[in-house]
1. Select the strands (runs of 3 or more DSSP E) contained entirely in the stretch 174-242, then report the ones holding at least 1 residues which are over 20 Å from the mean Cα position of the chain (by Cα) and not charged (D, E, K, R).
2. Are any residues in the stretch 7-32 touching a Leu at 6+ places or on another chain (Cβ under 7 Å) and either surrounded by fewer than 17 Cβ atoms within 10 Å (Cβ to Cβ) or without any contact (Cβ under 8 Å) to a residue 60 or more places away in the chain (or both), and if so, which ones?
3. If you check R194, R209, which single one turns out to be in contact with an Asp or Glu (Cβ under 9 Å, 6 or more places away or on another chain), crowded, with 23+ Cβ neighbours inside 10 Å and assigned by TED's automatic domain parsing to the domain that holds N12?
4. Quick check on D98: is it on the phi < 0 side of the Ramachandran plot, in contact (Cβ under 8 Å) with a residue 12 or more places away in the chain and in the same structural domain as D228 (by TED's automatic domain parsing)?
5. Restricting attention to the stretch 136-173, report how many residues are aromatic (F, W, Y) and assigned to a helix (DSSP H, G or I).
6. Residues being hydrophobic (A, V, I, L, M, F, W, C) and touching a strand residue (DSSP E or B) at 6+ places or on another chain (Cβ under 7 Å): count how many of those fall in the stretch 12-43.
7. Could you look through the stretch 42-55, keep only residues that are buried (at least 16 other Cβ atoms within 10 Å of the Cβ) and aliphatic (A, V, I, L, M), and pick out the one that is farthest from G179 (Cα to Cα)?
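The values are calculated or read from the model by the stated rules, or taken from the named source; none is laboratory data. No experiment lies behind these values; they were computed from the predicted model shown. Don't worry about glycine lacking a Cβ; one is built from the backbone with ideal geometry, like all the others, and counts go over all protein chains shown.
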Amino acid sequence: MTPVAVTFDFWNTLAHEPGGLLAGLRLHALRAVMTELGGPVADAELREHLAAAGRLHHAAWTAGEIFQPEQAAEHLAEALGPGLAAAARARIATAFLDAPAAAELRLAAGVADCLRRLRGAGARLGIVCDVGLMRSPLLRAFLEREGVLELFDGWAFSDEVGCYKPAPAIFEAALAQLGVRSPADAVHVGDLRRTDVAGAAALGMRTIRYRGIADDPGPGVEADHVADHHRDVLALLAPGVA
C-alpha cells in the first residue's frame, strides 16, 4: 500500500554534485572578488580557507550544532579581508554564498519518474535536507530548473528549520507541511544511517536507505529497506505502479 507521505533527503538521494563542482565555483568567485578588491590571493590559500570553512561546518554538523552557510561566508570574509572595510567583506561573503547559484547538479537516476509515479499514486512528497553550505533557495531553484520542484508538497531545510537530522524537529516540520498526523504513515528515503535512517526511525517513520549514488560506510541503525535505484524505491512504496 502506498504510504500517505514520502520524504526524501536532497544530497546523494534526490541529486548529487559532480566531483569538485561547488568548490571550483567558490574558488572562481572568491578569486574574482579578491582581484577586484585589489588584493589577489593565491589559489592555494583560497583553497585552504575554503577547506577551513568546510571543516567548521562538518564539526558542527556532526555535533548537531547548526552552522549556517552565512556563518561560513562570514568566516571567509574575516579570513580573507581582515583589513578591508565592512562593505568589501560583505562582497566576499556574497561571492561565496552566490557562487553555486547556477551549479549544474545532477538528479539521481530515475528519481523524476519515481516522484511522478508516487505522486500519481496519491502520496504526498516532501524534502528533509541538511543543506551543507549551499542555501536552500538555491537547492529549490535547481529542482525547479529540473522540472521536479512542483512535485513536492512541502520541505524542511536545515537553514530554515534551524536544526539538522537526526533531530526530530526537522522531520516533524516536513510532516506538518504534508498534513501527516502519524509518522507511521510516512516513509523517509535518504542515504545516511546516522542522520536519515536514525532520525526518521526514532520518530516512527519507515525508512529506505538509498545507496545509488553513495553507499554510506558509517555505523548506525540500518533502514527497513535498502535500494540501489529509484525504480527500487518505487517498487517498495507503490508496487502496483512500478
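1. 225-227
2. A23, L27, R31, listed by residue number.
3. Working: R194 fails: crowded, with 23+ Cβ neighbours inside 10 Å.
When all the criteria are applied, what remains is R209.
4. Numbers: on the phi < 0 side of the Ramachandran plot: yes; in contact (Cβ under 8 Å) with a residue 12 or more places away in the chain: yes; in the same structural domain as D228 (by TED's automatic domain parsing): no.
In short, no.
5. Looking only at the stretch 136-173, we keep the residues that are aromatic (F, W, Y), and these are 142, 152, 155, 157, 164, 171.
Next, from what is left, pick out any that are assigned to a helix (DSSP H, G or I): 142, 171.
Of the residues in that region, 2 qualify.
6. Initially, the stretch 12-43 is screened for residues hydrophobic (A, V, I, L, M, F, W, C), giving 14-15, 21-23, 25, 27, 29-30, 32-34, 37, 41-42.
Filter once more, so that each one left must be touching a strand residue (DSSP E or B) at 6+ places or on another chain (Cβ under 7 Å): 14-15.
Matching residues across the stretch 12-43 total 2.
7. Once the filter is applied, the top-ranked residue is L46.
Residue-wise test of (1) touching a residue at least 40 places away in the same chain (Cβ under 8 Å); (2) under 16 Å from F10 (Cα atoms); (3) surrounded by fewer than 20 Cβ atoms within 10 Å (Cβ to Cβ).
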position	(1), (2), (3)
W155	no, yes, no
A176	no, no, yes
P183	no, no, no
A202	no, no, yes
